[in-house]
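The values are calculated or read from the model by the stated rules, or taken from the named source; none is laboratory data. Only a predicted model underlies this, so the values are computations on that prediction, with no experimental measurement involved. Using ideal geometry, Cβ is built from the backbone for each residue, glycine included, and neighbour counts are taken over all protein chains shown.
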Amino acid sequence: MAADTNHIPSYLHYYRVLGLRPGAGLSEIKRAYRTKAKKYHPDINKSETAADKFIEVNEAYEFLIRLEEQKTFTSSDHRASQSRSHSHAQRPGRAPTTEDLFREWMQRERQKARARAAREARKRYEDFKKSRVYRTSQVISAAYDYIFVGVGILIIISSVVGLFTQPRNNDLLQQHQREAWAGHIVATIALVVIGTVFIIFASLNIRERRGERKGKR
């Protein structure tokens with residue numbers, strides 16, 4: 001029996017649908033969406049509740065993307081309002097809250113999102129992956145993965161270079177200097193591990209996308 005999704009008490013429900021913590025970032029939302037959409041698409045998942053869950057996943061995704069866009073707009077608009085208020089001694093107006101956006105979503109946009117998701121649910125999964133909503137979920141995640149690879153490499157290089165540029169004249173080192181040197185070694189090892197983790201996880205995501213593209217050919 002399908003879950004009752006007619007009543008949603010809070011926008012936090014959408015984070016739970018995608019298996020995310022409240023306040024998750026844009027790349028996390030997009031990645032979770034692709035995972036859940038594949039898991040519940042009726043072309044892959046033959047359970048009776050798959051279509052309902054797929055629609056709910058798409059509904060959650062559309063709302064959370066709107067929420068992230070609103071946060072970005074509100075942040076930039078707030079900075080501009082502060083600048084104007086300092087210039088003209090005016091008090092900026094109240095920015096819409098998340099609850100405001102959620103109420104507007106429930107009143108105007110939710111049923112449209114569910115109707116779009118229902119259409120996608122009737123497609124073959126390979127055709128669904130060509131849809132605009134799925135393709136846009138990949139763009140930012142791909143950029144983030146390449147950025148993480150670059151950041152990981154920079155962390156490793158900078159930490160190793162920093163370690164070997166430390167003075168190491170053993171004749172002049174006092175006890176506290178030796179302790180400091182040991183601390184530099186520990187910090188370097190930790191940074192190298194962090195950088196390596198960044199590179200591994202990003203590389204796995206890049207490889208997965210390349211595998212998907214090869215599978216389409």
Might you check whether a residue that is among the aromatic types (F, W, Y) and modelled with pLDDT of 90 or more occurs anywhere in region 38-57?
yes
Out of all the residues in region 11-24, which are within 18 Å of R114 (Cβ to Cβ) and surrounded by fewer than 19 Cβ atoms within 10 Å (Cβ to Cβ)?
H13, R16
So which residues in region 25-49 are without any contact (Cβ under 8 Å) to a residue 40 or more places away in the chain and either in a helix (DSSP H, G or I) or buried (at least 21 other Cβ atoms within 10 Å of the Cβ) (or both)?
E28, I29, A32, T35, K36, K39, Y40
All but one of (1) surrounded by 11 or more Cβ atoms within 10 Å (Cβ to Cβ); (2) closer than 30 Å to A37 by Cβ; (3) modelled with pLDDT under 65 hold for R168; state the number of the condition that does not hold.
(2)
What are the residue pairs meeting all of these: first residue in region 104-132, first residue on the phi > 0 side of the Ramachandran plot, second residue aliphatic (A, V, I, L, M) and loosely packed, with under 15 Cβ neighbours inside 10 Å, Cβ atoms under 6 Å, and 6 or more apart or on different chains?
none
